[in-house]
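The values are calculated or read from the model by the stated rules, or taken from the named source; none is laboratory data. Fair warning: this is a prediction, and the values are worked out from it, not measured in the lab. Cβ placement follows ideal geometry from the backbone for every residue including glycine, while neighbour counts extend to all protein chains displayed.
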């Protein structure tokens, strides 16, 4: 037997978690409107698919953004050769500008602090390597993105200590919960090096108010620990109140800036997860310098740097994109949550992200995580939707599910909603109003489309996002 | 004071090595034919710049290779969303095919074993994480690429133990050297987990012969340790004998394939270091599976996967490119080494790579590494060339320098050779043949030899140096 490493033989990669089982179900039988109409609809993937037509239009108008077109090929050689870990200056400037715009230009970002990484995945690992030694720990409020278990811990040896947040107060991060987690770690002889917050939150879709952020900053300064703010959903805030970034709050309260670090990416805000554009932005010079050297392990392809630099230096495009993206997310979110509420399903009130935090506690046989897993298997196997169970996000309380809404077209959304509807009807949920006209119509699809089309008109319909097979189109013709 | 990690405060990043000092000299005063004709010429960067015209022509003829052209934009969305760590199937197939062609079709590579990484830099680190625990070690024959110190050790905690190779037998890797290193590690209580070879070699520019490779495979099987073959210069073998890959040897000798892993990249063979296309190819299923999961930390941009998939699935292009690249490298190498020999400078006989291993031992004041550093500073500050001193490659013997020749155009090469010639002349080297000394213009003598083997397409009619002796000689 050839010995390999402990890291390789262990399961720190995290793929044995339940989070991935739904993926497997989806992968064996993925939904397709014509080929596999009974397949599993993917609602476990936080992707932003709503603005590609907008982006593609811009691309066609700007051939110089590619190094492979006649307009751009003069840059092919210098770009293909460019491996400087400082990154292409225009890329850093464009990203810094974009980050500022996404925060309503309330702060300016310094291009010289922009450090590249292999997506947000690589960014988180890099930050962990820079800030903590093996065996040391970060505090992370629950529920949190399951990937953190791998990104922050697997190859670094760093630990994560949960800061338990409760549905009782909408999962807000309180000073009490922070102190409690900190002391628990101390008792276990674990040295806390930092606090990692995701703001806007995955999976909650909420973001922190200014007071909470100020409290958090006071807390990290008191304990002299780092604050890592994962702000990769910053541009997905589609409704008031306005997003408040750590970068703004540190201008308003006393803070040791050497403690402050932001992780960013274009995967969610722009919908470019494939391009692996991860960013570490640290206010600590030593960390910036170290991270920059480490970025050699996961630089952004210079071809992609060139594309992004061209795209994001176009002010008009960005301003329009940010506005358009918000509008489409708003509409999709509103439609989805409203329709769900019509059939008695609630979710945490949210105004950001690419998902909702669905409340199915009342559907549990009992208040246990086993019951949550049972319900989840029913959702995958019977309702044929891949959603993500709250336990995979380390949620303290069973019954919550993260359901993504921005990674599909309108037609798939309709199918998903009608499946949920059918399921609720079949299970004879008393929450669904008996007198509702929707009950009595023979064809639920038709009824859904008729009543929906009226309501959709109120706030949604853009001809460009209609799928030709959509029942809504039929209702209209 | 806010505490960060030991990794961050230490110097495992390796940038305090002298390898980087020449870079700084270059960066403050880089050569430019018009703007800074007295600037430092970069000969410390192993880049392949000789075939871009060839590549650009293909790019212009294949707009579908770009996601941003009219022909390719219909793939933009699916590509921008594609983050599956298995990588695009077309990408893996194209890379596997390319790797096979570079080895003249003598082996086939399985696309399902192709795992992506953040360049070869990321690939090496990933392999270290997969194979060794902190405190364990890899054997590495010297001289070796300085980046290994960072890539394999910095964040992994893995150690490197040198296998000392000597100029007396052209730096061959001998069984005795391997055994000696292995024993030394044992004595130091270091558990050796693997052997890392770079073949073709950086910095030597040589390839391992079949017998040596077989000996190596035998050695690692005996010791039950892994063999990591860094083959990123595979397509730069420009002259006989033909390159022999580990992938071929394991078909010929008994070997536990779970021990065999190849690191590859398109940075040297294609000249695309900026695109960060690193590949780990392991014959060990558990390693493939683990590496694939780890690749999330450094996937190849899907935009680049698409470009590379299109380019490398074009058989005509690949076949022509490999031939063209070899020819350009051969010519450049031959011209460079011949010109150097004319002024009494020898180098290790080589048939691969983007550099030569220059022998300046006789120019050392004394046989010490301090003298090597002194000579190096003279080369940077007086001759104004950034070359890489052998000590930065952990060479056992002072006086060797790695000098890159494929990262510049012809005119810059001429200027570099002129400077070297002038320097040697000034130092009144007895080795310089008398007839060269007698000619009034050394420049003229060089241009006549170029005609012997320079083909038309290497001469740029639009020379950036109007004063270039070559332009004058021809007009």
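The table that follows gives values for the structure above.
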quantity	calculated
The range A:7-22: number of residues that are in contact with a helix residue (DSSP H, G or I) (Cβ under 9 Å, 6 or more places away or on another chain) and in a loop (DSSP other than H, G, I, E, B)	5
Conditions (1) more than 9 Å from chain B (Cβ to nearest Cβ); (2) in contact with a helix residue (DSSP H, G or I) (Cβ under 9 Å, 6 or more places away or on another chain): number failed by residue A:277	(1)
Those residues of the range B:32-49 which are out of contact with any strand residue (DSSP E or B) (no Cβ under 9 Å at 6 or more places or on another chain) and in a loop (DSSP other than H, G, I, E, B), in sequence order	B:33, B:34, B:35, B:37, B:38, B:48, B:49
Selection status of residue B:41, surrounded by 20 or more Cβ atoms within 10 Å (Cβ to Cβ) and within 8 Å of chain A (Cβ to nearest Cβ)	no
Check on residue A:371, at pLDDT 95 or above, over 30 Å from residue A:273 (Cα atoms) and not assigned by the TED database to the domain that holds residue A:207	yes
The listed residue being more than 9 Å from chain A (Cβ to nearest Cβ), farther than 21 Å from residue A:304 by Cβ and more than 21 Å from the chain's Cα centre (by Cα), out of B:101, B:108	B:108
Qualifying residue in the range B:302-313 (condition: more than 24 Å from the chain's Cα centre (by Cα) and closer than 21 Å to residue A:6 by Cβ)	no
Residue among B:308, B:262, B:250 that alone is in contact with a strand residue (DSSP E or B) (Cβ under 8 Å, 6 or more places away or on another chain) and either at pLDDT below 95 or part of a strand (DSSP E or B) (or both)	B:262
Of all residues in the range B:57-81 being in a loop (DSSP other than H, G, I, E, B) and surrounded by fewer than 22 Cβ atoms within 10 Å (Cβ to Cβ), the one that is farthest from the other protein chains (Cβ to nearest Cβ)	B:71
Strands (runs of 3 or more DSSP E) enclosed by the range B:149-232 - at least 2 residues per element that are within 14 Å of chain A (Cβ to nearest Cβ) and within 30 Å of residue A:129 (Cβ to Cβ)	B:192-198, B:226-230
Residue match in the range B:119-139 (condition: under 23 Å from the mean Cα position of the chain (by Cα) and at pLDDT below 95)	no
Every residue from the range B:267-302 that is without any contact (Cβ under 8 Å) to a residue 60 or more places away in the chain and surrounded by 24 or more Cβ atoms within 10 Å (Cβ to Cβ)	B:272, B:274, B:275, B:301
Criterion violated by residue B:4 - all others in (1) outside any helix (DSSP H, G or I); (2) surrounded by fewer than 13 Cβ atoms within 10 Å (Cβ to Cβ); (3) not assigned by the TED database to the domain that holds residue B:325 satisfied	(2)
Test: residue A:25 is in contact with a strand residue (DSSP E or B) (Cβ under 8 Å, 6 or more places away or on another chain) and either assigned to a loop (DSSP other than H, G, I, E, B) or facing chain B (nearest Cβ under 7 Å) (or both)	no
Verdict on residue A:90 being in contact with a helix residue (DSSP H, G or I) (Cβ under 9 Å, 6 or more places away or on another chain), within 13 Å of chain B (Cβ to nearest Cβ), surrounded by fewer than 19 Cβ atoms within 10 Å (Cβ to Cβ) and farther than 28 Å from residue A:355 by Cα	no
For residue A:30: the one exception among (1) more than 8 Å from chain B (Cβ to nearest Cβ); (2) farther than 29 Å from residue A:328 by Cβ; (3) free of Cβ contacts under 8 Å to residues at least 40 places away in the same chain	(2)
Residue check, residue A:241 assigned to a loop (DSSP other than H, G, I, E, B), touching a helix residue (DSSP H, G or I) at 6+ places or on another chain (Cβ under 6 Å) and assigned by the TED database to the domain that holds residue A:119	no
Failed condition for residue A:85, given (1) closer than 22 Å to residue B:69 by Cβ; (2) more than 9 Å from chain B (Cβ to nearest Cβ)	(1)
